[in-house]
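Following: one structure in structure tokens, then a few remarks.
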Amino acid sequence: THFGYETVTESEKQQRVAGVFSSVAESYDKMNDFMSLGIHRLWKDHFVSSLNPGATTPLGQPQRMLDVAGGTGDIAFRMLHHANIHNANPNVHITISDINPDMLAVGKQRSLALPASYQSSLSFLEANAEVLPPQIKDNSLDLYTVSFGIRNFSNISAALKEAHRVLKPGGIFACLEFSKVDKYPLLNAIYKRWSFSAIPLIGQLVAADRDSYQYLVESIEKFPSQEVFRNMIVDAGFAVSGHGYEDLTGGIAAIHKGIKP
Ligand code: SAM
């Protein structure tokens, strides 16, 4: 069954996305490993080291970060680890925000296994990325991350404008998302076969939830190309350097970055 959500309204899409993530919350982390053959871990590690959280000048300055659509905490936990271990800077704060309370609950539970000092650097916030709540003030953040979240948003441009509003001048917007493999037709063919046949099947077998994983595959298909998405980031007011993006694994995923002037 295809959702065919190109014909649905924004609020219908939002409800659908809520249903999908509530039903996958418990199996989400395990499924990521199955579906990506573990590669999502390498992408996330690369994403976080490229942002080098905690590397302030001078070193040890406070840094405020917001991980939007943070789900079960994967990016935030890596950023804390990087800031503390790599840069010896515990003076960071990360808010994990997500629209879905079930995903946040799994993230909170997982965070209890972190060192106590990490836990005090974290907070959790139920929030829609398209309308961030008043706790997140204008010009208040050094870094805004969104990893495998933005393609689920009903209104991507609204979320980009919110990102721009809450970042300080000089603050960084960074997005990790599935993208297009257009530059490599053979890899693209293999990847399409994998995603359209294997992923819904794995979803059915491992999580007894074919429809949610079918939705995930279709949402990847509908997400704009690297260039179109880069242009949306620029339209929201960000400056980009070079192409404005970096392909990972031939474009199966891509990192986009923008800086608020
Ligand atoms: N960032 C995590 C990661 O990289 O593993 C989780 C990504 S998960 C695929 C996508 C998340 O986006 C879900 O937790 C979902 O609830 C969240 N989401 C969807 N629409 C949202 C919105 N409008 N605002 C905030 N979060 C949203």
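Computed 3J(HN,Hα) for the stretch 94-108, one whole-Hz value per residue from the Karplus formula 6.51 cos²θ - 1.76 cosθ + 1.60 where θ = phi - 60°, is 10, 9, 8, 10, 7, 6, 10, x, 5, 5, 4, 5, 5, x, 4, glycine and proline marked x. The simple spin-label model puts a point 7 Å past each Cα toward its Cβ; for Arg193 and Thr57 those points are separated by 5.0 nm. Of the solvent-accessible surface of the chain, computed with a 1.4 Å probe over protein heavy atoms with every protein chain present, carbon and sulfur atoms account for 58 percent. Counting only lysines at least 8 places from Lys192 when in the same chain, those with an alpha carbon closer than 29 Å to its own are Lys13, Lys30, Lys44, Lys180, Lys183, Lys222, Lys257. For Glu126 and Ile259, what is the calculated FRET efficiency with R₀ set at 41 Å and r taken between the beta-carbons, to the nearest 0.05? Once the sixth-power term is evaluated, E becomes 0.90. In this structure the chain gives 45 Å² per residue of accessible area when probed at 1.4 Å with all protein chains present.
About the Cα centre of the chain, what is the dipole size in debye to 20, counting +1 per Lys and Arg Cβ and -1 per Asp and Glu Cβ, all else neutral? Each step should come with its number before you reach the end.
Details: 23 positive and 26 negative charges, 92 e Å.
Value, rounded to 20: 440 debye.
Compared with the alpha-carbon gap, the fully stretched path from Tyr184 to Asp33 is longer by 52.0 nm at 0.36 nm per residue.
Ordered from longest to shortest, the equivalent ellipsoid semi-axes for the chain are 28, 21, 19 Å, each the square root of 5 times a Cα gyration tensor eigenvalue.
State, to one decimal in nm², a quarter of the convex hull surface area for the C-alpha atoms of the stretch 88-137, i.e. the direction-averaged projected area.
Values: hull surface 16.3 nm².
So the mean shadow area of the Cα hull is 4.1 nm².
Based on DSSP H segments of at least four residues, each scored -39500 (n - 2.57), the chain has a per-residue ellipticity at 222 nm of -12500 deg cm²/dmol.
The angle between the Cα long axis of helix 39-51 and the main principal axis of the chain comes to about 30°, on a 0 to 90 degree scale.
Once you have the Cα-Cα distance between Ala239 and Arg41, take 0.36 nm times their residue separation minus that, and quote the gain in nm to one decimal. Mind showing how you got there, number by number?
Details: separation 198, 0.36 × 198 = 71.28 nm, distance 2.80 nm.
Full extension from Ala239 to Arg41 adds 68.5 nm.
Under the shape rule built on the C-alpha gyration tensor, where the axes satisfy a ≥ b ≥ c, the stretch 17-69 is oblate, since a/c reaches at least 1.5 while a/b does not exceed b/c.
The values are calculated or read from the model by the stated rules, or taken from the named source; none is laboratory data. As the structure is a prediction and not an experimental result, all values here were calculated from the model. No Cβ is skipped: glycine too gets one built from the backbone with ideal geometry, and neighbour counts run over all protein chains shown. What goes into the accessible areas is simple: the full protein's heavy atoms, side chains included, and nothing from ligands, DNA or RNA. Shrake-Rupley method; radii C 1.70, N 1.55, O 1.52, S 1.80 Å.
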